[in-house]
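The numbers here are math on the coordinates, done by the rules we state, and not lab data. Just so you know, these numbers come straight off a predicted model, no measurement behind them. Counting neighbours? That spans all protein chains shown, and the Cβs are built from the backbone with ideal geometry, glycine included.
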Amino acid sequence: MSEQSSRELLDACVHCGFCLPACPTYRLWGEEMDSPRGRIQLMDMVERGEAPVAGAVATHLDRCLGCLACVPACPSGVRYDLLIERARSTRRAQAPRGPRARAVDAALFALVSRPRLLRALSWPLVIGIRPSALAPRPSARDLRAAPPDHTRARGEPRMSVALLAGCVQRVYFGRVNRAAVRALADRGCEVAVPPAQGCCGALHLHAGRDREARRLAEATIAALDGHDRVVVTAAGCGSAMKGYGDLLGTERAATFAARVRDVTELLAELPPAAPPQSRPRRIVYQDACHLLHGQGVRDQPRELLRALPGAELIEIEDAGLCCGSAGTYNLLQPEAARELGDRKARAILAARPDVVATANPGCALQLAAALRRMGRADLPIVHPAELLVM
Ligand code: SF4
Ligand code: SF4
């Protein structure tokens with residue numbers, strides 16, 4: 001974990017309130033305790049021993065999406081990302097959640113660490129048997145086909161890249177990883193997808209399971225180290241992996257973290273061997289919070305999409321506002337997640353796109369569910385890398 005003490009992190013907040021308009025839960029309810037400033041105040045009271053974590057404090061902390069919109073909005077550089085991770089860890093230790101949340105947690109964390117089991121249990125989804133509206137709708141090919149362990153660069157090799165296959169990504173969005181590998185190879189990357197890799201620990205970290213997150217981070221470094229770049233196709237995973245230096249506090253982890261790139265970041269640096277075909281289409285790019293706020297990656301995916309011949313990139317209202325997916329948030333806080341999902345879907349539909357591009361599997365599932373509610377299940381939702389190779 002970061003060297004800074006929780007007291008130092010908390011004292012950095014000067015209560016100016018500049019972060020409030022950026023916060024989705026404050027925008028939903030207008031409640032101070034559901035704003036970043038209010039939550040920091042609650043964490044401060046817990047730290048001083050003036051309030052227990054259980055009860056009201058836990059309620060307001062649980063309502064935080066962890067979207068990190070408050071981090072770049074803060075002129076004082078408050079590390080809310082570190083504060084909420086620590087607060088979640090304390091909440092888990094001192095005030096365990098109720099049975100429903102614990103059951104969701106137990107099932108989810110058992111599955112994400114075991115992609116083979118997740119894949120085996122997911123075949124009913126292919127034929128339309130779904131336990132919830134948020135469940136993915138993978139094709140048989142998605143479940144079956146993984147990218148090859150090694151893909152040669154097209155033309156002169158420029159660099160070697162290791163791809164994180166991800167847990168949800170590799171099982172339900174195999175097409176995204178395949179497209180990423182193809183786009184990278186087209187731009188001169190030798191791409192390895194080491195089979196020994198597992199879960200990166202992002203979901204564990206965001207849920208306050210820091211011991212497991214550290215163990216998974218160490219295993220991920222061992223599996224993917226030794227390449228010029230480590231490429232990630234899921235924003236939440238990339239955000240966690242760029243923080244491995246803080247999480248593990250070792251030089252090896254910091255060096256590894258410095259090589260991690262979202263696939264759109266790396267693709268934007270490398271011109272393609274041959275320009276893609278011209279296909280006129282209106283594209284909405286939906287920012288994933290852990291890419292925009294967590295990694296500061298805003299322009300690169302837009303540049304990639306704008307460069308597609310015939311593409312028109314349309315900005316939507318409140319582009320930086322979370323869609324309500326946020327890891328397990330849409331399972332544990334369904335009403336707030338649904339309201340944010342509906343707002344995002346309305347903003348997208350107002351732009352009349354032919355296709356929606358987003359760089360995180362959770363956002364893709366959340367948007368698909370919201371668009372289905374509005375009768376627009378037909379609107380394709382893809383990863384930007386897929387548009388590059390379509
Ligand atoms: S977190 Fe930053 S922006 Fe928000 S109240 Fe504190 S100092 Fe101001
Ligand atoms: S992480 Fe998102 S939801 Fe949580 S306080 Fe910050 S802006 Fe609000």
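In terms of surrounding Cβ atoms within a 10 Å radius of their Cβ, 344, 242 rank from fewest to most as 242, 344.
Of all DSSP beta bridges confined to the chain, the antiparallel ones make up roughly 10%. Put in order of Cβ neighbour count within 10 Å, fewest first, the listed residues 114, 48 become 48, 114.
What are the semi-axes of the equivalent ellipsoid of segment 154-276, taken as the square roots of 5 times the eigenvalues of the Cα gyration tensor, listed largest first and rounded to whole Å?
Semi-axes (√(5λ), whole Å): 25, 15, 11.
Here, P(r) means the percent of Cα pairs in each 5 Å bin from 0 to the largest distance; for segment 230-364 it is 2, 10, 17, 19, 18, 14, 10, 6, 3, 1. Report note on the peptides 30-43, 221-234: ranked by the mean count of other C-beta atoms within 10 Å, highest first, their order is 221-234, 30-43. Helix 210-224 and the longest principal axis of the Cα set of the chain meet at an angle near 20°.
With the helix formula -39500 (n - 2.57) applied to DSSP H stretches of n ≥ 4, the chain reaches a computed 222 nm mean residue ellipticity of -14000 deg cm²/dmol.
A simple rule links phi to the HN-Hα coupling: the Karplus curve 6.51 cos²θ - 1.76 cosθ + 1.60 with θ = phi - 60°, which for segment 312-326 gives 10, 8, 10, 7, 10, 5, 6, 4, x, 8, 4, 7, x, 6, 6 Hz, with x for Gly and Pro. Note on segment 87-120 and segment 218-261: Cα centroid distance 23 Å, given to the nearest whole angstrom. What distance in nm lies between label points placed 7 Å from Cα along the C-beta direction at residue 5 and residue 102? So the label points at residue 5 and residue 102 sit 3.4 nm apart. Average 1/r across all pairs of distinct alpha carbons in the chain, invert it, and you get the Kirkwood radius: 21.4 Å.
Taking 93, 345, 213 in turn, the Gaussian network model of the chain (Cα-Cα springs below 10 Å) assigns the largest fluctuation to 93.
For segment 281-322, dividing the convex hull volume of the Cα atoms by the residue count gives 54 Å³ per residue. Annotation: amide H of residue 260 within the under-5 Å range of 230, sequence separation 5 or more or interchain, hydrogens built in the peptide plane. Computed from the alpha carbon atoms alone, the convex hull of segment 6-94 holds 82 Å³ per residue.
Stokes-Einstein diffusion for segment 27-177, with the hydrodynamic radius set to the Kirkwood value over Cα pairs and evaluated at 20 °C in a medium of 1.002 mPa s, equals 112 µm²/s.
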